[in-house]
Amino acid sequence: MNVCTSEMGHEGPGIVQDLKDLLRSHRDPGRATEMQAYLKGQFPFFGIPTTTRRSLLRTFLHERQEIPSGQRLREVVRLLWQEPERELHYCAQELLELRLKELGPEDFPFLESLVISQSWWDTVDVLAPKLMGGVLARNPEQLPGKVAEWLASDHLWLQRTALLCQLKWKDRTDLPCLILAIEHTRRSPEFFLRKAIGWALREYAKTDPDWVRNHVARTELSSLSRREALKHL
């Protein structure tokens, strides 16, 4: 794609309306009902499968010869995030992923606003490891402060972000930060935190299985966290 990064083309609201019209034209009411039920009725859907939605977005961007950037990107993402249909939220995240290298620590308030609104595991589990984690991987000095801040917030989805932001860091994982996040949340009754603890440990076990075995052995964890952590060991 010959991507134009200038301010030419549709303004934010125009892009959002055009994309919404495109997705609506591919709606499948039967599948939409199934997708909505899968997320416990949290959000309405057009009923578009992931592969189809991604293909539609690629074609949409290709036809316009541009991917929004800078403040215009943030405007488009905010507007998409305000729409009810979940596929538009997924498109917003995919636009951010396409511009991930342009995001920096100054974007944390913006990204955090996405975590705490329209919140459910399906979006947070992209925002935390891919977007927050992507920015933090390039700015690791920010990690301890952000993890501490998210944990202190007592917000379920920000705390899940603290657990999952290093998910793909492998041998670059900051273990003190991971341990801090686990210690802060391991007694929580929240399913999504217990599950995230196990997921974070299971992922790090691909890098250092002995460390994970030892940490699980000496740490009081919920049965869910423990089971998830040791799933492949």
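Just so you know, all these numbers are worked out from the coordinates, no wet-lab data involved. A quick note: this is a predicted structure, and the numbers were derived from the prediction, not measured. Cβ sites come from the backbone with ideal geometry, for glycine too, and all protein chains shown count toward neighbours.
Annotated for the chain: lysine pairs at least 8 residues apart or interchain, Cα distance under 17 Å, count 10. When the square roots of the Cα gyration tensor eigenvalues are ordered a ≥ b ≥ c, the ratio a/c for the stretch 1-156 is 1.5 or more and a/b does not exceed b/c, which makes its shape oblate. Taking other C-beta atoms within 10 angstrom as a stand-in for reagent exposure, F46, F60, F191 fall in the order F191, F60, F46, fewest first. The spacing between the stretch 194-214 and the stretch 92-147, judged by their C-alpha centroids, is 22 Å.
From the square roots a ≥ b ≥ c of the eigenvalues of the alpha-carbon gyration tensor of the stretch 89-178, which class results: rounded (a/c under 1.5), prolate (a/b over b/c), or oblate? Display every interim value, and only then the final one.
Values: a/c = 1.57, a/b = 1.17, b/c = 1.34.
Note, shape of the stretch 89-178 comes out oblate.
The amide H of E66, built 1.01 Å from its N in the peptide plane, has C4 as neighbours under 5 Å, considering only residues 5 or more places off or on other chains.
Taken one residue at a time, the phi angles of the stretch 44-61 give Karplus couplings (6.51, -1.76, 1.60, θ = phi - 60°) of x, 10, 6, x, 9, x, 4, 5, 5, 4, 5, 5, 4, 5, 4, 5, 4, 5 Hz. Gly and Pro are set to x. Computed from Cα positions, the angle between helix 191-204 and the longest principal axis of the chain comes to roughly 80 degrees.
When +1 charges are put on Lys and Arg Cβ atoms and -1 charges on Asp and Glu Cβ atoms, the dipole computed for the chain relative to its Cα centre reaches about 860 debye.
Among C165, C91, C177, the ranking by other beta carbons within 10 Å of each residue's beta carbon, starting with the fewest, stands as C177, C91, C165. Principal-axis analysis of the Cα atoms of the chain puts helix 209-218 at an angle of about 60° to the longest axis.
The angle between the Cα long axis of helix 86-98 and the longest principal axis of the Cα atoms of the chain comes to about 80 degrees, rounded to the nearest 10. In terms of its C-alpha gyration tensor, the stretch 141-233 has an oblate overall shape, because the principal axis ratio a/c (a ≥ b ≥ c, square roots of the eigenvalues) is not below 1.5 and a/b does not outweigh b/c.
For the chain, what is the calculated [θ] at 222 nm in deg cm²/dmol (nearest 500), taking -39500 (n - 2.57) for each run of four or more DSSP H residues and dividing by its residue count?
Working: 14 runs with 145 residues, N = 233.
Roughly -18500 deg cm²/dmol at 222 nm, from the helical runs in the chain.
In this Cβ point-charge picture (+1 for Lys and Arg, -1 for Asp and Glu), the stretch 76-178 has a dipole of about 280 debye about its Cα centre.
Kirkwood radius for the stretch 9-56, taken over all pairs of different Cα atoms as the inverse mean of 1/r, rounds to 11.6 Å. Each of S225, S69 was scored by other Cβ atoms within 10 Å of its Cβ. Listed from fewest to most, they are S69, S225.
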